[in-house]
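Since every read-out is calculated from the coordinates, none of them should be taken as a lab result. Because the structure is predicted, anything quoted here is derived from the model rather than measured. As a convention, Cβ positions derive from the backbone with ideal geometry for all residues, glycine included, and neighbour counts pool all protein chains shown.
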Amino acid sequence: MKKKVISALSGLAVGILASTVFFGNFSSQETIPTAAAKTDAEKVYVPFGKKDEYYLFASGGHSGQMFIYGVPSMRRIRTVPVFSLDSATGYGWDKHSKEMLGGYTWGDLHHPAFSETNGEYDGKYMFATDVGNSRAAVMDLKTFTVKDIIQVPNTSGPHCAAFVTENTEYLFLPTRFSVPIGHKYASLDNYSKEYRGVMSAVTLDEKTQKLHIAYQVALPPWSYDLSDAGKKISKDWAVLTTYNTEEATTNLEINASKEDRDFIVLFNWKELEKMVKEGKYDNVGGQKMIFPEKHKGGIYLVPVAKSPHGVDVTPDGKYFIASGKLAPLLTVFSFEKAFKAIKNKEFAGERNGIPILKYESVMEREVNPENALGPLHTQFDEKGMAYTTMFISSEIVKWNPNTGEVLDRVPVQYSPGHAVAAEGDTVSPDGKYLVSLNKLSKDSYLSVGPSHPESMQLIDISGEKMKVIQSVPVDPEPHYGQMIKADKIKTIEVYPKDEKNPDAVYNQKDARIVRKGNEVHVYGIAMRSKFIFDAKAKRPDVIEVNEGDKVVIHITNIDFDEDITHGFAINQYNLNMEIQPGQTNTMEFVADKPGTYPLYCTNFCSALHQEMTGYLLVKPKQ
Amino acid sequence: MPAKKMSVSSAISISIAGVLLIISLFFPWWGMNFIAPQYPEGLDIVVYPNKLKGDIEIINGLNHYIGMKPFSEESFPELAYLPYLIVSMALFTVVVAFLRKKSWLYALIVVFLIGGALGIYDIHRWLVDFGTNLNDNAPIRIDPFVPPIFGENRIANFTTFSYFTTGSYIVGAAFLCLLFPLWKERRK
């Protein structure tokens, strides 16, 4: 008998073992298709379930927004509002974004820049500047949301930005337009005397996620166009292009194109930092302002072919490449030669109190691709080869900065401004992909009438020869982009609970409405599929106030679940915001219109989303 | 006939059973995995002897649509005393190992079987409670249901998989360790 029991039990034990093996996960390894002999279509096809290899952050120009694309599929993933209102996300309506926008409703987002560590993108922050209303912003890449926006004083249009130093010590914002300091009124007849092209050195406090202006430099009253920070041996330095060194005050098209040469401003930010520490600056309207003619050192001028646009430092940090946008010539300048000339004080006089280096003593070589016109901006691949956009001849030219040899040319449609290569402005570009940001699309896509999209073209640069493999329309207007390896960005999908936040409510039973005089504070929750503003009320989803009350509504989305975003809009009150999973968001307004206003969830959340409603009742004054 | 003491190897086997019981406290015993078209990655309820883990808040949020009451660690008083019961069992097991008396081992095995049966009954009781006491006011009305303790079930857009896991396996192994002496000490 016992034997039978034992054999039965041992049989059971074997059964358990067998079932463990059966349920165990021993799935075979995925087979990786060979990359060889792919067609263009296969190179850009990313099937559902797979994700792109790179993020492309394309500046949105005068839309004031940032466009996020995946590469190589070139699928547009999201639009992130930065300087403009965006009703889709409630950006500009909720309290935080409304305060950040400071009353402005649009912006002109030009040149985005990632935060860097040792000259590599670290995937933590994205910086952007607004040429339209002179602002700078920082976006946290954990959430792809803007954390801070500052108004840059004494500056009008930081087009020549943003570029960050090798370890994000500074974000520099040189300006396109010169104005009198403090934006005071001054006759244009006094332009050369009273106007300045002020550059700001901005720092990010990572703890508070706030931007601060460390100091400013009152550069001469010229226009500053593009910039790049040095790398490796040149890491303490930065370069800017200038135009209108003629200091013309009207019809710049003609008057700022007169001289054969403009300048590259070459400066040592470590030296400027030291000068500020030593008190070598003036206090101007609360800013520490360095006046180069008075506080000497650290800033030099390098002559360059007239009206240059881009200036780009090679990945090894030894050279910077610039060219006049009207000239056919690309010039490779040597940092080492410049350092030597500075050391030996080989100057060819001064302009506005700043020493000028001799073109010949800094120039390494000139490159002149036949019939190529309008060189604007250069990116690099993993071998250090340069890819320069030619606006006028509408092509990308691949060339070797070390020899000047032109390696390949490919036409693009039409008129590329910038190009962006995979991590193409870091100390170690990836190669693989280059996206040409074309200003004109003309006949490339189905017509939508006179207002055309711009066009982005994906170019395979993995081989000796470039190959355009995809074209996609894009909203106006990418001026520059940044392409980062996707795995460098670590997002969160749900906001974590913050028990210290006095505005947050995590238990629906704690939802409440508190009246303080003529202020009504709502501490509510949103969940699938209801709002609860006052858990104890007869109708928990109703807010009742008196005409003229200030209403502050805090709502916590207590669905801690990926992609369960709730919206909150009040009908005819022109109000809408989004509340992400786990987030507490706040809306403030004065209930100045008496009446009955339905409120509802604007972001489709669940099968009963349509039922996720309530009322704002505003009792009229007696 | 005076009872002969069990061999040392039997005593060791019983001791191992005691240790395994303690180890099982740190592992989940039972779980339920929910899969829906919107949740291909699955949602989990994972039950430890002393706590619940997994996507409890999300599952509660979804369950309110069918009128199921929300659950939390507070809903299950067992979670407060179960660890003490298991520790007591472990101590009892170690005592039996020291006594090396067959009669005590039989008693221990019986207690083990009763405990296991009660445990399974307890889970079943809760599944019946939560699956059948649905609020009539719920937006989606479904027939009361009892999810199985083990295996697959389908409710609305969800397919659920109930399963015993690591902690239960460890307890199973402990039980096998208690059975080992029966074979070792069998009359030849």
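Just a few scattered comments:
- Residues in the range A:430-463 reached by a label modelled at A:THR105 [backbone nitrogen below 16 Å; 7 Å Cα→Cβ]: none
- The listed peptides A:42-54, A:359-371, B:23-35, A:327-339, ordered by packing as a protection proxy, come out as A:327-339, B:23-35, A:359-371, A:42-54 (highest mean of other Cβ atoms within 10 Å first).
- Equivalent-ellipsoid semi-axes of chain A, from the Cα gyration tensor, Å, largest first: 48, 36, 23
- Here the Gaussian network model covers chain B, with springs between Cα atoms less than 10 Å apart; of B:VAL111, B:VAL171, B:VAL19, B:VAL111 fluctuates the most.
- Each of the peptides B:175-182, B:149-156 was scored by the mean count of other Cβ atoms within 10 Å over its residues; in descending order, highest first, they stand as B:175-182, B:149-156.
- Pairs of Lys in chain B closer than 29 Å at Cα, counting only those 8 or more apart or on different chains: 14
- Placing +1 on the Cβ of every Lys and Arg and -1 on the Cβ of every Asp and Glu, with nothing else charged, gives the protein assembly as shown a dipole about its Cα centre of roughly 3620 debye.
- In terms of distances greater than 27 angstrom between alpha carbons, the cross-link table entries A:LYS258/A:LYS398; A:LYS231/A:LYS274; A:LYS210/A:LYS497; A:LYS95/A:LYS142; A:LYS51/A:LYS210; A:LYS210/A:LYS432 yield A:LYS258/A:LYS398; A:LYS51/A:LYS210; A:LYS210/A:LYS432.
- Assuming charge only on the beta carbon of Lys and Arg (+1) and of Asp and Glu (-1), the dipole of the range A:508-619 about its Cα centre is about 500 debye to the nearest 20.
- For chain B, convex hull of alpha carbons as volume per residue, Å³: 128 Å³
- Rounded to 5, percent antiparallel among DSSP beta bridges of chain A: 90 percent
- Distant-in-sequence amide H partners of B:TRP30 (H built 1.01 Å from N, under 5 Å): B:VAL47, B:THR165
- For the pair A:ASP205 and A:GLU350, label points projected 7 Å from Cα toward Cβ lie 3.7 nm apart.
- Signed unit charges on C-beta, dipole axis of the range A:508-619, positive-most listed residue A:PRO540, A:GLN508, A:ALA526: A:PRO540
- When the trypsin sites (Lys or Arg not before Pro) in the range A:262-299 are filtered for DSSP coil states and for at most 12 other beta-carbon atoms within 10 Å of their beta-carbon, the remaining sites are A:LYS294.
- Annotation: amide H of A:ASP122 within the under-5 Å range of A:SER115, A:GLU116, A:THR117, sequence separation 5 or more or interchain, hydrogens built in the peptide plane.
- Ranking A:ILE342, A:GLY285, A:PRO355 by Cα position along the charge dipole of the range A:267-391, where only Lys, Arg, Asp and Glu carry charges on their C-beta atoms, puts A:GLY285 farthest toward the positive end.
- Relative contact order (%) - chain A, alpha-carbon pairs under 8 angstrom, separation at least six: 9 percent
- Separation of the A:ILE77 and B:GLN38 label points, Cα + 7 Å toward Cβ, nm: 2.3 nm
- Cβ-Cβ distance of A:GLU253 and A:GLU360, R₀ of 35 Å, FRET efficiency by 1/(1 + (r/R0)^6): the value works out to about 0.70.
- Members of A:LYS439/A:LYS490; A:LYS43/A:LYS465; A:LYS383/A:LYS490 lying beyond 20 Å, as alpha-carbon distances in this model show: A:LYS439/A:LYS490; A:LYS383/A:LYS490
- Amide H contacts of A:GLY324 (H built 1.01 Å from N, in plane; Pro and chain starts excluded): A:ALA305, A:LEU329 sit under 5 Å, all sequence-distant by 5 or more or on other chains.
- Distance (nanometres) between label positions extended 7 Å along Cα→Cβ at A:SER187 and B:SER103: 12.1 nm
- About its Cα centre, the range B:8-182 has a charge dipole of approximately 780 debye under the convention of +1 per Lys or Arg Cβ and -1 per Asp or Glu Cβ, with nothing else charged.
- Förster radius 51 Å - calculated FRET efficiency between A:VAL514 and B:TYR121, Cβ distance, rounded to 0.05: 0.60
- Efficiency of FRET from Cβ geometry, B:SER15 and B:ARG186, R₀ 22 Å, rounded to 0.05: 0.65
- Approximate shape of the range B:133-188 as ellipsoid semi-axes (Cα gyration tensor, √5λ), whole Å, largest first: 44, 11, 9
- At least 15 Å along the helix axis (C-alpha) and Kyte average at least 0.0, DSSP helices within chain A: A:2-23
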